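What follows is a short report on a single structure.
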Amino acid sequence: MFTKFFFYSIIWMVIIMPSWSIHLKIGKELVKELGLDKDKFLFGSLLPDTDYDWKVNRNLAHYYGKLKFPKCPSEDMVDIDGFINDYKDYLYDDLIKGYYAHLLADHYYNEYIYYNKWVQRDGKLVGVKTVKGDIIDVEDHYKLAARPKHRDLELYGKRLFLKEKIVFPEDEMKIIKCIDLLKDNFINKDNVIKRIKYLHSDYIDYFLKIREGEKGSKYKLFTEDELDNLLSGCIEYILQKLKELE
C-alpha cells in the first residue's frame, strides 16, 4: 500500500479538506444513525491527518498521488478505490469505517470547491472565488489559496464546537486493540495516547483562540448557509456509502 520511503514534510494543497471539528461532527451524526462504536469511529475519522512522528505522512494516508482532478491535472484527488482495495477485508471494523468516512468527506468537499470556487486555466489553478465574487490570484497557490479556505473551515469548526455539536473519542485502549488492522505499522500505542490527550486539552484551547473578526462572521469563500448545506450533504453522502457496506 504505502511506499517504504517515508517523509514528514506536509505539502500544501489547495484542495479543501474539512477541519477536525467538521470530521468529528460528521462522525457524531453517523455514529448515532448507524449505531457505530463512538471511540473507534471518531478516532478513525481523524486518522489520515497524521502527525509528524507517525510512520505514514498525510499525502500517503489520504491516498493522494494517483488521481487528478479533470481539467486540472496539477491537483490530486483522493483515490477511494485504492483505499477500498487495501482495506476491503477490514471494513467491518468501525476504526476502518471512520478512516473511510474521512476520505469520503475530503472527496466531497474537494469536489465542491473544484466546481464552485476554483478558477482554472490551462490545467492549473490560477485563482479562487470569494463569497463576494472577487478572485484571489494565486501565483504561489499552494500557500495563498489555502489560507482563506483553511480559515473559513476553522472558523466554522469553532462554531460547531461552541454549539457542542462535536464529541471526542475517549477510550484509548479500545482503539489500541485494533490498530494492527492498519497497513504498514501506520500508528502505535503511543501515537494513540498522544492524540487522545491532545484532543481533550490543547485542541480545545486552539479552537477557543480562533478569532472571528471585529464584526462577527468573516468568511472569505463561503456563506454560513453554504457551509451548513455542505455539511448536511456530506453526512448524507457518507451515510449512503457506509450502508452499501452492509
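If I filter the stretch 43-58 for residues that are part of a loop (DSSP other than H, G, I, E, B) and in contact with a Ser or Thr (Cβ under 8 Å, 6 or more places away or on another chain), do I get at least one hit?
Going residue by residue through the stretch 43-58, those that are part of a loop (DSSP other than H, G, I, E, B) are 45-57.
Next cut, in contact with a Ser or Thr (Cβ under 8 Å, 6 or more places away or on another chain) only: 56-57.
Scanning the stretch 43-58, I find at least one residue that is part of a loop (DSSP other than H, G, I, E, B) and in contact with a Ser or Thr (Cβ under 8 Å, 6 or more places away or on another chain), so the answer is yes.
Mind listing whichever residues of the stretch 38-81 are aliphatic (A, V, I, L, M) and surrounded by fewer than 19 Cβ atoms within 10 Å (Cβ to Cβ)?
To start, the set of residues in the stretch 38-81 that are aliphatic (A, V, I, L, M) comprises 42, 46-47, 56, 60-61, 67, 77-78, 80.
Passing the criteria: L67, I80.
Kindly indicate which of D106, D205 is part of a helix (DSSP H, G or I), farther than 30 Å from E236 by Cβ and either modelled with pLDDT of 80 or more or among the hydroxyl-bearing types (S, T, Y) (or both). So that I can check it myself, show each step before the final result.
Details: D106 fails: farther than 30 Å from E236 by Cβ.
One residue alone meets the criteria, D205.
When only residues in the stretch 154-195 that are within 25 Å of Y63 (Cβ to Cβ), in contact (Cβ under 8 Å) with a residue 24 or more places away in the chain and among the basic types (K, R) count, which is surrounded by the fewest Cβ atoms within 10 Å (Cβ to Cβ)?
Filtering first and then ranking leaves K183.
Quick one: I84 ticks every box in (1) modelled with pLDDT of 85 or more; (2) surrounded by fewer than 16 Cβ atoms within 10 Å (Cβ to Cβ); (3) not in a helix (DSSP H, G or I) bar one, so which box is it?
All conditions are met except number (3).
Might you let me know whether the stretch 151-173 holds any residue that is over 19 Å from H23 (Cα atoms) and modelled with pLDDT of 80 or more?
The initial filter retains those residues of the stretch 151-173 that are over 19 Å from H23 (Cα atoms), namely 173.
With modelled with pLDDT of 80 or more added as a condition, the list becomes 173.
Yes, there is a match, as at least one residue in the stretch 151-173 is over 19 Å from H23 (Cα atoms) and modelled with pLDDT of 80 or more.
Is the stretch 40-55 home to any residue that is modelled with pLDDT of 95 or more and of a type in the set (S, T, Y)?
yes
It is to be established whether one or more residues within the stretch 205-214 are of a type in the set (G, A, S), in contact (Cβ under 8 Å) with a residue 12 or more places away in the chain and either touching a Leu at 6+ places or on another chain (Cβ under 7 Å) or surrounded by fewer than 16 Cβ atoms within 10 Å (Cβ to Cβ) (or both). Reasoning before the result, please.
If we filter the stretch 205-214 for residues that are of a type in the set (G, A, S), which is where we start, we get 213.
From what's left, in contact (Cβ under 8 Å) with a residue 12 or more places away in the chain: none.
There is no residue in the stretch 205-214 that is of a type in the set (G, A, S), in contact (Cβ under 8 Å) with a residue 12 or more places away in the chain and either touching a Leu at 6+ places or on another chain (Cβ under 7 Å) or surrounded by fewer than 16 Cβ atoms within 10 Å (Cβ to Cβ) (or both).
Go through (1) touching a residue at least 40 places away in the same chain (Cβ under 8 Å); (2) under 29 Å from I136 (Cα atoms); (3) of a type in the set (V, I, T) and name the single condition V56 misses.
Going through (1) touching a residue at least 40 places away in the same chain (Cβ under 8 Å); (2) under 29 Å from I136 (Cα atoms); (3) of a type in the set (V, I, T) one by one, V56 breaks only (2).
The values are calculated or read from the model by the stated rules, or taken from the named source; none is laboratory data. Since we're looking at a predicted model, the values are computed, not measured. Note that we place each Cβ from the backbone using ideal geometry, even for glycine, and neighbour counts take in every protein chain shown.
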